[in-house]
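Student: Provided herewith is a single structure, encoded as structure tokens, for subsequent inquiry.
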Amino acid sequence: GAGVSQSPSNKVTEKGKDVELRCDPISGHTALYWYRQRLGQGLEFLIYFQGNSAPDKSGLPSDRFSAERTGESVSTLTIQRTQQEDSAVYLCASSLYRVSSYNSPLHFGNGTRLTVT
Amino acid sequence: AQSVTQLDSQVPVFEEAPVELRCNYSSSVSVYLFWYVQYPNQGLQLLLKYLSGSTLVESINGFEAEFNKSQTSFHLRKPSVHISDTAEYFCAVSEGSEGRRALTFGSGTRLQVQP
């Protein structure tokens, strides 16, 4: 079946421009996560949506970053006034329920590689 | 706050040798622990997890991990590795009631299996 889909797969933008990254989770998955992976580093948590609960935004690095999710479907991550340090692979993941559920692993998309020049 | 430390960024090992990838976590409450694997040119996928019950958990491809609460560790082991195990391995933790917190990942350990 269809997995988590992210678009675009690659994005090159100039410093100072705004970018919008899209994530289509697996249908029916209530939880959606955004992570960032800089070159040679681990995954950095950005934001977590769980059903109708208020999102956990504790990982967003600055107010230039924001994310929205419409119901239990598509999510967009927006980076305003991009900086070179924003260059990274942005990963989206979804899961059926909370991670504490036995049948609820995270399913990751292939990521969007963002390069800020 | 929850955090994860993977001390080894790279682990080279010969085929059929045993391997241990170390993971230590920091949390003040109950935790759920995971290992994810990223094979070359593929996305992250779940390898195994500890939610409750037996502290030793196993994957279908021969890996196992043991939750050690006193040492706050969740090391990943395999008695005999194969070339196909070459990948990056990420330890992750989620804490609190019903795992309400999103997963926090470690920085990853690159396992390089040599013939």
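Student: In the stretch B:23-39, which residue that is touching a Ser or Thr at 6+ places or on another chain (Cβ under 7 Å) and more than 11 Å from chain A (Cβ to nearest Cβ) is surrounded by the fewest Cβ atoms within 10 Å (Cβ to Cβ)?
Tutor: B:S26
Student: Do we have any residue at all in the stretch A:45-63 that's more than 8 Å from chain B (Cβ to nearest Cβ), under 23 Å from B:Q6 (Cβ atoms) and either of a type in the set (S, T, N, Q) or surrounded by fewer than 20 Cβ atoms within 10 Å (Cβ to Cβ) (or both)?
Tutor: Yes: one or more hits.
Student: Here's a follow-up. If you take the residues of the stretch B:45-92 that are in contact (Cβ under 8 Å) with a residue 60 or more places away in the chain and within 10 Å of the chain's Cα centre (by Cα), which of them is surrounded by the most Cβ atoms within 10 Å (Cβ to Cβ)?
Tutor: B:C91
Student: Now a separate question. Would you check if A:F108 is surrounded by 18 or more Cβ atoms within 10 Å (Cβ to Cβ), of a type outside the set (G, A, S) and facing chain B (nearest Cβ under 10 Å)?
Tutor: Yes; evaluated as a whole, the condition is true for this residue.
Student: Within the stretch B:2-21, restricting attention to residues that are in contact with a strand residue (DSSP E or B) (Cβ under 6 Å, 6 or more places away or on another chain), within 11 Å of chain A (Cβ to nearest Cβ) and part of a loop (DSSP other than H, G, I, E, B), which residue is modelled with the highest pLDDT?
Tutor: Residue satisfying both the conditions and the ranking: B:Q6.
Student: Any chance you could count how many residues in the stretch A:17-33 are in a strand (DSSP E or B) and not hydroxyl-bearing (S, T, Y)?
Tutor: Going through the stretch A:17-33 one residue at a time, the tally reaches 8.
Student: On to the next question. Residue by residue through the stretch A:90-117, note down the ones that are modelled with pLDDT of 95 or more and outside any loop (DSSP other than H, G, I, E, B).
Tutor: Once the filter is applied, which keeps residues that are modelled with pLDDT of 95 or more and outside any loop (DSSP other than H, G, I, E, B), the stretch A:90-117 yields A:Y90, A:L91, A:C92, A:T112, A:R113, A:L114, A:T115, A:V116.
Student: Report yes if A:K11 is more than 14 Å from every other protein chain (Cβ to nearest Cβ), assigned to a loop (DSSP other than H, G, I, E, B) and basic (K, R), otherwise no.
Tutor: On the way: more than 14 Å from every other protein chain (Cβ to nearest Cβ): yes; assigned to a loop (DSSP other than H, G, I, E, B): no; basic (K, R): yes.
When the stated conditions are applied, A:K11 does not pass them.
Student: What number of residues within the stretch A:20-44 satisfy the criterion of being touching a Lys or Arg at 6+ places or on another chain (Cβ under 8 Å) and within 11 Å of chain B (Cβ to nearest Cβ)?
Tutor: Residues meeting the conditions: 4.
Student: Follow-up. May I ask you to list the residues in the stretch A:1-60 that are of a type in the set (S, T, N, Q) and farther than 21 Å from A:R113 by Cα? Before you say what the answer is, go through the steps one by one.
Tutor: Applying the first criterion (of a type in the set (S, T, N, Q)) to the stretch A:1-60 yields A:5-7, A:9-10, A:13, A:27, A:30, A:37, A:41, A:50, A:52-53, A:58.
Result: A:S27, A:T30, A:Q50, A:N52, A:S53, A:S58.
Student: Can you tell me how many residues in the stretch A:34-70 are in a loop (DSSP other than H, G, I, E, B) and within 19 Å of A:Q80 (Cα to Cα)?
Tutor: 9
Student: While we're looking at this one, here's another question. What number of residues within the stretch B:96-110 satisfy the criterion of being surrounded by 20 or more Cβ atoms within 10 Å (Cβ to Cβ) and modelled with pLDDT under 95?
Tutor: Qualifying residue count for the region: 8.
The values are calculated or read from the model by the stated rules, or taken from the named source; none is laboratory data. This one's a predicted model, so the numbers in the text were calculated from it and none came from an experiment. A quick note on method: Cβ atoms are made from the backbone with ideal geometry, for glycine too, and the neighbour counts reach across all protein chains shown.
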